[in-house]
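Scroll down for the structure; my scribbles are underneath it.
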Amino acid sequence: MYKAHVTLGVMPTRRGGFNLELANAEKEKFMPIIHSIRPDVVDIVDIDDLCVKGIIDSEKDSPAVVAKFRKANVDAIFVPFCDFGEEGAVADVVSKFDVPILIWGPRDANPNKPDKRGRDCQCGIFAATKVIRRFGKTYSYIYNVSENTDEFKNGFETFIRVVNIVKDFKGLRIAKIGERPAPFRSVMTNEARLMQNFGIQVVAIPPLMIKHAIDKVLKSGGEAFEADCEDIRLRFDCSTAGEEGVKMLAAAKLAVREIFDERGCTVGAIECWPTASMLGIPACEIIGEMTDLGYPIACETDINGAISMAILRAANLGDEAEFLADLTIRNPENDNSELLWHCGPFPYSLKAEGSIASIDGHNENFEMKQGDLTLVRFDDAEDDYYLFCGEAKTTTGPDTTGTYVYAEVDDWKKWEAKFMFGPYIHHLGGTYGKLSRAIREAARYLSVKVDTPDTPGPECL
């Protein structure tokens, strides 16, 4: 099961000549707040044992902070400015790490007065970030707002999502089950370049291996197998699939998950036809069930589609499952709506409450729930990688087969032009929620070109 986890190094900073107690008072305001944001995901590593009041104000303390953060293997560093800050110490620490960096300082209440100097947070942030940039480091920033505002809290949580995307993306291992369907040149990608650019490894798994593993589970049975069979019967109308279909799906879930775990793969792509069909593997059903277990799988051996799903999984911190849809037809009832469809691989957890789920052959059938959507496509062209990202709302439209939902956007023609002229195909990853800001920000750290419906480019005639 997928579990999002981020280790965050927190390094408050102050300028030595400023008032220590005032700086500490600021720290005491924001530390409880960041501890309260996604504590199920975030482990915070502070510097309380290294610096006075846990606030760095001298370059002499930088080596100790670097050593502690390295030992903790931090995934990111948060630098809150309690006043003007110490740019040298901050730069000395963050320059030693190749991780996302978050900069923020609370809004100053008043300008300086003859008898009382302010904190000058904003001023110090401008200075320090120039030094950080000189080190060639990418950083994120929350506007100079107070810690008790929604803007700060939302910005901090968005950064956690950014960190999780970057962490998961680098070193991703993708199970590639079979080759691509012969006609599908559109899903071709350069596996060697994915490894060179991002450390992403594609692990080849012959479909016959999956078939043998399924047969082994069917033969041996066991409590887990029987429990899965019963769970499938409770969730789906299996009258068409029959008992053999139920057993095949339950066995496939156990077999594929075991193979993924053995090979360290957390995402996959499968040649759902013709090889899987020929071997009798219920590919669509495997995809839906495995995705709900936290192992998203792309159909039609779409490696870039699998990466798109991995990005979405990381962005939503595992709160919702992902899906990979075909862009099929414009909604006959709504010019700004498109049918997101596929023959039956969407995860059951995303099913609309009133929709009856059934298994027909090796496919699932149901309509997905209503809500906000974030839609993503990672893809490549020539020597560059691109990430399309946009947000939509679900809507209704004519019933159809398979698994589906209708997405409504502000101007579908802009989206259609992007998929026509951009380096994208008809496969689009999706998940529920508004996550595009985190995904766009993560792309900056990954050196991937971000594309949105509003990015200037060729237009349709």
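The values are calculated or read from the model by the stated rules, or taken from the named source; none is laboratory data. Nothing here was measured: the structure is a model prediction, and the numbers come from that model. Backbone-built Cβ (ideal geometry, glycine too); neighbour counts: all protein chains shown.
Would you be able to say whether some residue in region 355-374 is under 30 Å from residue 101 (Cβ atoms), in contact with a helix residue (DSSP H, G or I) (Cβ under 7 Å, 6 or more places away or on another chain) and not assigned by TED's automatic domain parsing to the domain that holds residue 137? So far as region 355-374 goes, yes, one or more of its residues are under 30 Å from residue 101 (Cβ atoms), in contact with a helix residue (DSSP H, G or I) (Cβ under 7 Å, 6 or more places away or on another chain) and not assigned by TED's automatic domain parsing to the domain that holds residue 137. The requirement of being at pLDDT below 95 and either exposed (fewer than 15 other Cβ atoms within 10 Å of the Cβ) or within 23 Å of the chain's Cα centre (by Cα) (or both) is satisfied by residue 381. Within region 183-204, the set of residues being on the phi < 0 side of the Ramachandran plot and free of Cβ contacts under 8 Å to residues at least 60 places away in the same chain comprises 183, 185, 188, 192, 195, 196, 201, 204.
One residue alone among 84, 184 is of a type in the set (Phe, Trp, Tyr) and either at pLDDT 95 or above or not assigned by TED's automatic domain parsing to the domain that holds residue 434 (or both), and that residue is 84. Among the candidates 418, 393, 414, the residue that is closer than 30 Å to residue 356 by Cβ, basic (Lys, Arg) and in the same structural domain as residue 374 (by TED's automatic domain parsing) is uniquely 393. Can you confirm whether region 2-23 contains a residue that is surrounded by 20 or more Cβ atoms within 10 Å (Cβ to Cβ), more than 23 Å from the chain's Cα centre (by Cα), more than 15 Å from residue 124 (Cβ to Cβ) and among the charged types (D, E, K, R)? Checked against the condition, which is being surrounded by 20 or more Cβ atoms within 10 Å (Cβ to Cβ), more than 23 Å from the chain's Cα centre (by Cα), more than 15 Å from residue 124 (Cβ to Cβ) and among the charged types (D, E, K, R), region 2-23 yields no hits at all.
Restrict the check to region 182-191 and report whether at least one residue is under 25 Å from residue 426 (Cβ atoms) and of a type in the set (Asp, Glu). Yes, some residue in region 182-191 is under 25 Å from residue 426 (Cβ atoms) and of a type in the set (Asp, Glu). Inside region 400-417, can you point out the residues that are buried (at least 17 other Cβ atoms within 10 Å of the Cβ) and either in contact with a Gly (Cβ under 7 Å, 6 or more places away or on another chain) or touching a residue at least 60 places away in the same chain (Cβ under 8 Å) (or both)? Correct list: 402, 403, 404, 405, 406, 407, 408, 409, 412, 415. Considering every residue within region 289-297, establish whether at least one is under 21 Å from residue 192 (Cα atoms), surrounded by 21 or more Cβ atoms within 10 Å (Cβ to Cβ) and in contact (Cβ under 8 Å) with a residue 40 or more places away in the chain. Yes, because at least one residue in region 289-297 is under 21 Å from residue 192 (Cα atoms), surrounded by 21 or more Cβ atoms within 10 Å (Cβ to Cβ) and in contact (Cβ under 8 Å) with a residue 40 or more places away in the chain. The residues in region 207-232 that are in contact with a Leu (Cβ under 8 Å, 6 or more places away or on another chain) and surrounded by 15 or more Cβ atoms within 10 Å (Cβ to Cβ) can be counted, and the count is 7. Just to be sure before I move on: is residue 136 in contact with a Lys or Arg (Cβ under 9 Å, 6 or more places away or on another chain), assigned by TED's automatic domain parsing to the domain that holds residue 70 and modelled with pLDDT of 95 or more in the structure I sent? Criteria not met by residue 136. For region 152-169, check the following and say yes or no: at least one residue is without any contact (Cβ under 8 Å) to a residue 40 or more places away in the chain and either buried (at least 19 other Cβ atoms within 10 Å of the Cβ) or in a helix (DSSP H, G or I) (or both). Yes: region 152-169 contains one or more residues that are without any contact (Cβ under 8 Å) to a residue 40 or more places away in the chain and either buried (at least 19 other Cβ atoms within 10 Å of the Cβ) or in a helix (DSSP H, G or I) (or both).
In the set 286, 329, only one residue is surrounded by fewer than 23 Cβ atoms within 10 Å (Cβ to Cβ) and of a type in the set (A, V, I, L, M); that residue is 329. Among the residues of region 255-282, those that are modelled with pLDDT of 95 or more and among the hydrophobic types (A, V, I, L, M, F, W, C) comprise 255, 256, 259, 260, 265, 267, 269, 270.
The residues on offer are 310, 269, and the sole one that is in contact with a Ser or Thr (Cβ under 7 Å, 6 or more places away or on another chain), within 26 Å of residue 191 (Cα to Cα) and not in a loop (DSSP other than H, G, I, E, B) is 269.
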